[in-house]
1. For residues that are within 29 Å of the chain's Cα centre (by Cα) and either within 20 Å of GLY48 (Cβ to Cβ) or not small (Gly, Ala, Ser) (or both), tally how many sit in region 68-119.
Amino acid sequence: MKNRVLVALLLAVVLALPAFAQQTTQDQPAATPAATTDQSAPTTGASGKPALQPDTHEGFWGKLNPFARKKYVQRQTAPIRDRVNELDELTAANSKMIKDVDARAQQGIQLAASKANEADQHAIDAGNKAQMAQQTATQANTRLNTVEQVVGNIDQYKASAQTEIRFRPRRLWMRWRLR
């Protein structure tokens, strides 16, 4: 009889243990959201999706078995792998956009540099033409001053010395005619 009581007691403990384990795991998720709402960590990632939360529901055998099983590891790492793949796609898209922007910026810089060089060449040409025009204006001004002096001196005629030249009018006229 003692054996029967002992076996019944052992059987009751074995049957009560899984029930007790299931009750404690159901109580834990209710406490977990309160703990996560108190934290000031961002709930969305770079992709706009909520942050990954670990799966805390292990069940009875998950608590008793200290070794991770293949399915458990795959279940735990699948969301991480998906998020890493998504972030790789975002990174590739961002790097492509950065390269496009860089190419457009380089093209714009080259276009601006060529336009600046062309403007510099036009400015140099304009400067040379301005110097030539300045030289021409200076020469015209000096000639104008010379002409003004000559014209001004025309009215101021002074007889210096009178000299008399005598000709023989007839002979000179005839010589000139014979020729």
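1. So the answer is 29.
Listed here are the residues, each with its yes/no results for (1) at pLDDT 95 or above; (2) loosely packed, with under 10 Cβ neighbours inside 10 Å; (3) touching a helix residue (DSSP H, G or I) at 6+ places or on another chain (Cβ under 7 Å).
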| position | (1), (2), (3) |
| --- | --- |
| ASP82 | no, no, no |
| GLN121 | yes, no, no |
| VAL151 | no, yes, no |
| ARG166 | no, yes, no |
| ARG179 | no, yes, no |
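The values are calculated or read from the model by the stated rules, or taken from the named source; none is laboratory data. All of these numbers come straight from a predicted model, not from anything done at the bench. Quick reminder, even Gly has a Cβ in these numbers, built from the backbone with ideal geometry, and neighbours come from all protein chains shown.
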